[in-house]
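J.: One structure, pasted below without further comment.
The values are calculated or read from the model by the stated rules, or taken from the named source; none is laboratory data. Since the model is a prediction, treat every value here as computed from it, not as a measurement. As a convention, Cβ positions derive from the backbone with ideal geometry for all residues, glycine included, and neighbour counts pool all protein chains shown.
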Amino acid sequence: MTMPRVVILADDLSGASDCGVACVRGGLTAMVSLGGAADAGDAVDVLSVDAHTRVLTAEAAADRMRELVLLHANTKSTLLFKKIDSTLRGHLGAELAAVLEARRGIVPDAVAIMAPAFPANGRTTVGGMHFVHGLPLHEHDVWKREDIQGEARIAEMVQGSGLRVGHLDLATVRKPGEERGMAIEELAARHDVLVCDAETDADLGAVASLAAELGDRAVWVGSAGLARHLVSAARLAPAAEVELQRPLGTTGSILFVIGSANLKTRHQTAVLLSSASMHGITVPTEVLLAGPDGAHWNVVAKDLCDSIEQGEDVLLTCGSDADIKAEDRPRLTDALAEMTLAVRDGVGSLVASGGETARKVLDRWGVQTMSLHSELETGVPISTTVVNESRPLTVITKAGDFGQPNTLLHCRDWLTQTRVS
């Protein structure tokens, strides 16, 4: 059976992987592209593109998204999913406006159905306000760390880009199908974007059904929570989840690269080190900021190289420093990725936490695409790729705020079981 092709456009790597693997769990094949060739996804049902726009200016991010729509979603039959962060980081309005503009060149009456909620990870939307574990997002550490101003009222965040925004409250989302459909048709005629409340996974299922009823008019906009309902709502494949498939076993060490400063991830690294036989390396921020020409770079790099050569599994983390400025953080992830390049050919499995960290490491290792297999836990996707043209590499990515205390330990145990002696 020929199925409509799905294109997912994400602003970072962890988001592209999370949404792509949600489709894999529904029975489709999926690939993550790091922004490569136009035909990168021809052999799969779902092409999930990391546009890598979180680090760009709003204007540059909009241009990039517009370009990707025209490149990958230039037919009416393409189901277009704009992945957004479940904590509303990134250039929300600018990217959405650009995606809609480009899509309307193909489908003139296209409308965005927007639901960033991910109840399984504590993200909900009620009354147009976004919450994390019951706390308004703007009061949460996630926004405070990013120094994001204002309140997490989604409509206000999007309207700044000139879009007409309507709102589907919980009462409307939960109406019987026919009543709900009439409400969305009426709102879609007058708005560019419909922001949908969702407090439970069932609410997201209802939103997905609404998007599917609009057919090719709908631009799906949400996090991995909404993507988990895409396959069944759009009837792309059987709704039953596929069995978790193990990638082919790899040889070499397991390398954890942790660039996220999130407290949850820091706790996960502590559990990993206390529960498994691993070599932990914490690189002081001053060493990373000084770069390869700094006085202590070679000492840390030698420790890393020696450990991998001896076949040890390694946890490489960035030292925590509360005084690091937001503008300096990209330099830290750049340097962390640079330090890993020397051990690339001795690593069989890579676990990276933080979308930007994962992207920087894979860029330095020359990776352009990854085949998605499944997820180890919610929001912890497993993929495979090759490095140095032929060496197999298993990759597990995780957003900084995702997972349980033992998530990284779970990754290590699973990868150890798949490793070939």
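J.: Among the residues in segment 95-102, are any within 18 Å of Ala208 (Cβ to Cβ), touching a helix residue (DSSP H, G or I) at 6+ places or on another chain (Cβ under 7 Å), among the β-branched types (Val, Ile, Thr) and outside the structural domain of Ala399 (by TED's automatic domain parsing)?
T.: no
J.: Answer yes or no as to whether Ala188 is small (Gly, Ala, Ser), closer than 18 Å to Thr87 by Cβ and surrounded by 14 or more Cβ atoms within 10 Å (Cβ to Cβ).
T.: So Ala188 does not fit the description; no.
J.: Would you please list the contacts, defined by Cβ atoms under 6 Å and residues six or more apart or on different chains, that run from a residue in segment 161-185 that is of a type in the set (Lys, Arg) to a residue that is assigned to a loop (DSSP other than H, G, I, E, B)?
T.: Arg164/His191; Arg164/Asp192
J.: Specify the residue that is modelled with the highest pLDDT; the eligible residues are those in segment 247-261 that are assigned to a loop (DSSP other than H, G, I, E, B) and in contact with a strand residue (DSSP E or B) (Cβ under 8 Å, 6 or more places away or on another chain).
T.: To start, the set of residues in segment 247-261 that are assigned to a loop (DSSP other than H, G, I, E, B) comprises 247-252, 259-261.
Now restrict to residues that are in contact with a strand residue (DSSP E or B) (Cβ under 8 Å, 6 or more places away or on another chain): 247-248, 250-252, 259-261.
On the way: Pro247: 59, Leu248: 59, Thr250: 73, Thr251: 82, Gly252: 90, Gly259: 84, Ser260: 73, Ala261: 71.
It comes out as Gly252.
J.: Which members of segment 123-147 meet the condition of being in a loop (DSSP other than H, G, I, E, B) and surrounded by fewer than 17 Cβ atoms within 10 Å (Cβ to Cβ)?
T.: Gly127, His133, Gly134, Asp147
J.: Tell me the residue from Val126, Val55, Val107, Val132 that is among the aliphatic types (A, V, I, L, M) and farther than 24 Å from Gly150 by Cβ, please.
T.: Val107
J.: Let me ask something else about it. So, in segment 349-399, exactly how many residues are assigned to a loop (DSSP other than H, G, I, E, B) and surrounded by 24 or more Cβ atoms within 10 Å (Cβ to Cβ)? Give the steps one after another, and end with the answer.
T.: Within segment 349-399, the subset assigned to a loop (DSSP other than H, G, I, E, B) is 354, 365-368, 378-379, 388-390, 399.
Keeping just the survivors that are surrounded by 24 or more Cβ atoms within 10 Å (Cβ to Cβ) gives 354, 379, 399.
So the answer is 3.
J.: Just the residues that are crowded, with 19+ Cβ neighbours inside 10 Å and over 24 Å from Val46 (Cβ atoms), please, taken from segment 411-421.
T.: Of everything in segment 411-421, those that are crowded, with 19+ Cβ neighbours inside 10 Å and over 24 Å from Val46 (Cβ atoms) turn out to be Arg412, Leu415.
J.: Can you go through Ala120, Ala38 and tell me which one is in contact with a helix residue (DSSP H, G or I) (Cβ under 9 Å, 6 or more places away or on another chain), surrounded by fewer than 18 Cβ atoms within 10 Å (Cβ to Cβ), modelled with pLDDT under 95 and part of a helix (DSSP H, G or I)?
T.: Values: Ala38 fails: part of a helix (DSSP H, G or I).
Going through Ala120, Ala38 in turn, just one is in contact with a helix residue (DSSP H, G or I) (Cβ under 9 Å, 6 or more places away or on another chain), surrounded by fewer than 18 Cβ atoms within 10 Å (Cβ to Cβ), modelled with pLDDT under 95 and part of a helix (DSSP H, G or I): Ala120.
J.: Mind checking whether some residue in segment 143-150 is among the acidic types (Asp, Glu) and without any contact (Cβ under 8 Å) to a residue 60 or more places away in the chain?
T.: The answer is no; no qualifying residue exists.
J.: OK, next. Residues that are more than 19 Å from Arg190 (Cα to Cα) and in contact (Cβ under 8 Å) with a residue 60 or more places away in the chain: does segment 97-113 have at least one?
T.: No - not one qualifying residue is present in segment 97-113.
J.: In this structure, is Ala237 modelled with pLDDT under 95 and either within 18 Å of Leu79 (Cα to Cα) or surrounded by fewer than 16 Cβ atoms within 10 Å (Cβ to Cβ) (or both)? Walk me through it before giving the result.
T.: Working: modelled with pLDDT under 95: yes; either within 18 Å of Leu79 (Cα to Cα) or surrounded by fewer than 16 Cβ atoms within 10 Å (Cβ to Cβ) (or both): yes.
Judged against the criteria, Ala237 is a match.
J.: Picking from Thr357, Thr385, which residue would you name as being free of Cβ contacts under 8 Å to residues at least 60 places away in the same chain and of a type in the set (Val, Ile, Thr)?
T.: Numbers: Thr357 fails: free of Cβ contacts under 8 Å to residues at least 60 places away in the same chain.
Among Thr357, Thr385, only Thr385 is free of Cβ contacts under 8 Å to residues at least 60 places away in the same chain and of a type in the set (Val, Ile, Thr).
J.: Inspect all residues belonging to segment 61-78 and state whether any of them is crowded, with 16+ Cβ neighbours inside 10 Å and under 26 Å from Asp203 (Cα atoms).
T.: Looking for residues that are crowded, with 16+ Cβ neighbours inside 10 Å and under 26 Å from Asp203 (Cα atoms), one finds at least one in segment 61-78, hence yes.
J.: Next up: Hey, Val195 hits all of (1) modelled with pLDDT of 95 or more; (2) closer than 22 Å to Glu377 by Cβ; (3) crowded, with 17+ Cβ neighbours inside 10 Å but one; which does it fall short on?
T.: Here Val195 meets the rest and fails (2).
J.: Quick check: is even one residue across segment 400-411 under 15 Å from the mean Cα position of the chain (by Cα), modelled with pLDDT of 95 or more and on the phi < 0 side of the Ramachandran plot?
T.: No, there is no match, as no residue in segment 400-411 is under 15 Å from the mean Cα position of the chain (by Cα), modelled with pLDDT of 95 or more and on the phi < 0 side of the Ramachandran plot.
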